[in-house]
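A.B. asks: Structure incoming, see below.
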Amino acid sequence: VENILERYERHVNALKFNGGENGSQENYSLEYFKLKSKAEVLERNTRNLAGNDLDPLSLRELQNLENQLEASLKRIRARKNNTMNESISELHKK
């Protein structure tokens, strides 16, 4: 859902840039602050995923973070097991 909303916002912003006030300083400033805000959110999320700066998070946010980490760990383990099985199969063939 978040990805769809982000794509929609990018599309709307692209239409604004291409349609009306081409190259105006206001549009660039607004875009700068939006991108800066998104970068800050991504940096905070990265720190949280690394286990840092967890104190300000609520219980619900901590649970969501834990669920994300568990899902990621499952995908990592599945990929690792698949790679190991492929390596073992290749060794058996040799």
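A.B. asks: Output the residues belonging to the range 68-83 that are of a type in the set (A, V, I, L, M, F, W, C) and open to solvent by less than 100 Å² (accessible area, probe 1.4 Å).
C.D. replies: Going through the range 68-83, the residues of a type in the set (A, V, I, L, M, F, W, C) turn out to be 69, 71, 73, 76, 78.
Across the range 68-83, the qualifying residues are LEU69, ALA71, LEU73, ALA78.
A.B. asks: Considering only residues that are under 19 Å from GLU2 (Cβ atoms) and part of a loop (DSSP other than H, G, I, E, B), look in the range 29-67 and name the one that is least open to solvent (accessible area, probe 1.4 Å).
C.D. replies: LEU57
The values are calculated or read from the model by the stated rules, or taken from the named source; none is laboratory data. Computed from a prediction, not measured in an experiment: that's the story for all the values here. Cβ: placed from backbone, ideal geometry, glycine included. Neighbour counts: every protein chain shown. Accessible surface is based on the protein model in full, side chains and every heavy atom, while ligands, DNA and RNA are left aside. Shrake-Rupley method; radii C 1.70, N 1.55, O 1.52, S 1.80 Å.
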